[in-house]
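This report refers to the structure that appears directly beneath it.
Every number here is computed from the coordinates shown, using simple stated rules; none is lab data. All values derive from a computational prediction rather than experimental measurement. In this analysis, Cβ positions are derived from the backbone assuming ideal geometry, glycine residues included, and neighbour counts consider all displayed protein chains.
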Amino acid sequence: MLNSNALRKLDMQDLMVFSAVYEQSSVTDVSEALCVSQSTVSYCLKKLRSCFEDELFINTRTGMRPTYKAEGMYDHVRAILQSINRCHAGAPTFDPSRQAVTFNICAPEYFEHLILPQLLQRFDHADLPVTVNVHKLEADIPGEELRDGSLDLVIGFGPNVHSPHAGFKSRQLLEEDLVCVVDKRATPLDAQLSLQAFLGRRHVFPTPWNSPTNRVDAWLSQQAHQRQLAARANSYSAALKMITGTDFILTLPRRIQKLLANEAIFNRHEAPKGLPGFTLDMHWSLTADQDSANTWLREQIIKVCAPREA
C-alpha cells in the first residue's frame, strides 16, 4: 500500500524525469535524452514536488541542484526503475547450447529404459552439453532432496503409489498397463489369461525400484488370492532371463515387453481382466517451477512421452 494517495498520481515517466534531472542537472538535456518537451519535464517535476512535498531540485547557475530529500530518494527511485525493467525482461531464458548443465533425476528403471535413451538422443543430435544423473527411486518420493535442490525432478508411479507430499507440483506423463510373458517353449496358455491360469504358474517378480509392495499382489490380496513366487529380480532384463527355459510367468509393463521381450523367444499374454495398470508421474518443487533450466528439462521429457501418431 502507498503511504499517501498523492503517490497514485505518479507514473514511470515522472520517476524517469526525477532520475534524469538528478544525473544531468539540466532540464534541456533531460528533454533531449527522454525525447519529451521541456514543458513535459517541468510538469513532471511539478507533480513530483507536490507528491513528495519538497522542492527536490533548486535551479542554480550551475544547474538543477538536488535537495537533501532528493539525494535520499535517488537510490530508491533507481531501484524502482531497475525492478520494472527486470519485470519487463522476465527471467533469463535457459539456453542449453551455451552452457553445460547437469540434471539430477530420481527415477525407476522404467524411465531409464523408455524415456532417458530418447532424451539423450535429442541432446546428442542437437550437440547439447547436457548430463543426466539418475538416482534410484525408493519406496517414497525423496521430498527433502527436491526441496533443497539436490534433485531436479522425481519420476514416480501412480495413482496413489507414493505417499503424498505438500508443496510439490506434479504432472502425469503417461498411462501404462501390464502384460504377461512366458518362454515360447513353456506349456501353452490362452492369449487372454484367466485368473486361474495366472495363479496356476509360478512367477518371477521384477523389482526395478525399491518398494515393499506392488500393484499385482495388492490386487490379488483384495480378492483373497496370492501368487507363488519363484524368484525376485532387480531388473526387467534379469527377470526375462530367469523365465527362459521354464514355465514361469513374468508380469511387466507393456512398453517394456515390446522393448525387451524378444518375440522369437517369448510369448505375450494379456493379463487377467481387472489387473490395474499405472501412471508415470513427474514431480518438482515450487522453486524449480520458476527455474528456466528445470522448465526446459520438463518440456523435453513431456515431448518424449507425448503420444505418437499411428
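Tell me, what is the FRET efficiency for Ser50 and Gln290 to the nearest 0.05, using R0 = 22 angstrom and their Cβ-Cβ distance as r? The pair Ser50/Gln290 has a calculated efficiency of 0.05. When the alpha carbon gyration tensor of segment 5-89 is reduced to an equivalent ellipsoid, its three semi-axes come out at 19, 15, 13 angstrom, largest first. Select one label from [x] 118; [y] 162; [z] 212: the one whose number is volume of the Cα convex hull per residue in Å³ as derived from the coordinates shown. Here the calculated entry is [z]. For Val179, the residues whose modelled amide H falls within less than 5 Å of its own, excluding neighbours fewer than 5 places apart on the same chain, are Leu252, Arg254. Based on DSSP H segments of at least four residues, each scored -39500 (n - 2.57), the chain has a per-residue ellipticity at 222 nm of -12000 deg cm²/dmol. Close amide H contacts of Phe103 (hydrogens built in the peptide plane, cut-off under 5 Å, sequence separation of 5 or more or a different chain): Thr131, Val132, Asn133.
Measuring between alpha carbons in the structure, the pairs from Lys136/Lys303; Lys241/Lys273; Lys136/Lys241; Lys184/Lys258; Lys136/Lys258; Lys136/Lys169 lying more than 18 angstrom apart are Lys136/Lys303; Lys241/Lys273; Lys136/Lys241; Lys136/Lys258; Lys136/Lys169. Converting phi to 3J(HN,Hα) with the Karplus coefficients 6.51, -1.76 and 1.60 and the offset θ = phi - 60°, segment 263-277 yields 5, 6, 10, 10, 9, 9, 10, 5, 5, x, 4, x, 5, x, x Hz in sequence order, with x at every glycine or proline.
Between Ala197 and Asp247, full extension at 0.36 nm per residue minus the direct alpha carbon distance yields a gain of 16.8 nm. This ranking places His162, His88, His225, His203 by how few other beta-carbon atoms lie within 10 Å of each, fewest first, which gives His88, His225, His162, His203.
Rounded to the nearest 20 debye, the dipole magnitude of segment 5-89 is 180 debye, with +1 charges on Lys and Arg beta carbons, -1 on Asp and Glu beta carbons, and the Cα centre as origin. About the centre of its Cα atoms, segment 178-276 shows a dipole size close to 140 debye [charges on the beta carbon of Lys, Arg (+1) and Asp, Glu (-1) only; nearest 20 debye].
Between 0 and 90 degrees, the angle of helix 68-89 with respect to the longest Cα principal axis of the chain falls at about 30 degrees.
Each of Ser39 and Ala224 was given a label point 7 Å from its Cα along the Cα-to-Cβ line. The distance between the two points is 9.5 nm.
Cβ-Cβ distance of Ser83 and Asp140, R₀ of 41 Å, FRET efficiency by 1/(1 + (r/R0)^6): the value works out to about 0.50. For the chain, the longest principal axis of the C-alpha atoms and the axis of helix 38-52 are separated by about 80°. On the beta carbon distance between Asp190 and Phe123, with R0 = 35 Å, the FRET formula returns roughly 0.20.
Ranking of Asp289, Asp14 by neighbouring Cβ atoms within 10 Å, starting from the fewest: Asp289, Asp14.
Among Met64, Met282, the order by Cβ neighbours within 10 angstrom, fewest to most, reads Met64, Met282. For Ala233, the amide hydrogen comes within under 5 Å of the amide hydrogens of Phe205, Thr207, counting only partners 5 or more places away or on other chains and with H modelled in the peptide plane. Rounding to the nearest 10 and keeping the result within 0 to 90°, find how far the Cα-based axis of helix 12-24 lies from the longest principal axis of the chain. Helix 12-24 and the main axis of the chain meet at about 60 degrees. Relative contact order for the chain: 20 percent, from Cα pairs under 8 Å spaced at least 6 residues apart, divided by residue count.
GNM, the chain, Cα, under 10 Å: largest mean-square fluctuation among Gln223, Gln300, Gln172? Among Gln223, Gln300, Gln172, the largest GNM mean-square fluctuation belongs to Gln223. Straight-line cross-link partners of Lys69 among the lysines, defined as a Cα under 24 Å from its Cα and at least 8 positions apart when in the same chain: Lys9, Lys46, Lys47. Here the chain is treated with +1 on each Lys and Arg Cβ and -1 on each Asp and Glu Cβ, and its dipole about the Cα centre works out to around 600 debye.
A simple spin-label model places the labels of Asn104 and Tyr68 5.4 nm from each other, with each point 7 Å out along Cα-to-Cβ.
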